[in-house]
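J.: Below: one structure in structure tokens.
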Amino acid sequence: VAITVILAAVIAAFVFGMSENIPENKEVFLTTKMGENATSKIMIVTLQGGKDLPALTSLVYKINEGNETSIDPLRDGGVFEAPFEVGYSGKFSLEAATRESNTIIIRGKFADGTVQTLVVKEIGSIS
């Protein structure tokens, strides 16, 4: 009975136009991989494309409950800021990933004010 009620509510929302307030998801694709620099383990983020890449204004990351922080360019003197292009790579330190299980969240901020989670990744302790 509960499933029927939920299904009826979802159908009614579409029939009566209640779904028009649901924001459209942004499309920005990126890959992540772990690496190392001279002093610590890092996460490397590479932009792969997506129709909303031109509207992307910044990328930030957060490890566990830490603060959101901007992602640095992969190479010294490199660029990892808007306007972003396919192939741009950035990095951030994994020093804060000290738990047995760590959650990494990468969010994109867009020109229209939208903030969207692009990656949620679980990693073990890096120590």
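The values are calculated or read from the model by the stated rules, or taken from the named source; none is laboratory data. Keep in mind that this is a model prediction, so the values were computed, not measured. Using ideal geometry, Cβ is built from the backbone for each residue, glycine included, and neighbour counts are taken over all protein chains shown. Just the protein is used for accessible areas: all its heavy atoms, side chains included, with ligands, DNA and RNA removed. Shrake-Rupley method; radii C 1.70, N 1.55, O 1.52, S 1.80 Å.
J.: Using only helices, what value at 222 nm comes out for the chain when you add -39,500 (n - 2.57) per DSSP H run of length 4 or more and divide by the total residues, to the nearest 500 deg cm²/dmol?
T.: -3500 deg cm²/dmol
J.: Given Cα pairs under 8 Å that are at least 6 residues apart, what percent is the relative contact order of region 36-106?
T.: Numbers: 104 pairs, mean separation 30.5, N = 71.
Result for region 36-106 is 43 percent.
J.: Still on this structure: Take Ile3, Ile11, Ile105 and sort them by solvent-accessible surface of the protein heavy atoms, 1.4 Å probe, largest at the top.
T.: Ile3, Ile11, Ile105
J.: Just to be sure I understand the model, the point goes 7 Å from the Cα along the line to the Cβ. What's the resulting Lys121 to Asn67 distance in nm?
T.: Result for the modelled spin labels: 2.3 nm.
J.: [x] 1.33; [y] 1.03; [z] 1.47: which one is Cα Rg over 2.2 N^0.38 Å as calculated from this entry?
T.: The value computed from this structure is option [x].
J.: Roll a 1.4 Å probe over the protein chains and send me the accessible area per residue for the chain in Å².
T.: Counting only protein heavy atoms, the per-residue value for the chain is 64 Å².
J.: Give the accessible area for Lys91 in Å² (nearest 10); use a 1.4 Å probe, count only protein heavy atoms, and leave out ligands, DNA and RNA.
T.: 40 Å²
J.: I would also like to ask the following. In whole Hz, what ³J(HN,Hα) sequence does region 34-46 give by Karplus (6.51, -1.76, 1.60; θ = phi - 60°), x for Gly and Pro?
T.: In residue order, the calculated couplings are 7, x, 9, 10, 5, 10, 7, 7, 9, 10, 9, 10, 10 Hz.
J.: With each pseudo-label sitting 7 Å past Cα toward Cβ, what's the Val5-Ala111 distance in nm, one decimal?
T.: Placing both labels 7 Å along Cα→Cβ, they lie 4.6 nm apart.
J.: If amide H atoms are built 1.01 Å from N in the plane of the peptide, which residues on other chains or at least 5 residues away come under 5 Å of the amide H of Tyr88?
T.: Close amide H contacts, sequence-distant or interchain: Leu47.
J.: When only Cα pairs under 8 Å and 6 or more residues apart are kept, what is the percent relative contact order across the chain?
T.: Reported as a whole number, the value is 22 percent.
J.: To the nearest 20 debye, what charge dipole does the chain have about its Cα centre, counting +1 at the Cβ of each Lys and Arg and -1 at the Cβ of each Asp and Glu? Could the numbers behind the result be given before it?
T.: Numbers: 11 positive and 15 negative charges, 42 e Å.
That gives a dipole near 200 debye.
J.: If I compute solvent accessible area with a 1.4 Å probe over the protein chains, what percent of it on the chain is carbon and sulfur?
T.: The value for the chain is 55 percent carbon and sulfur by accessible area.
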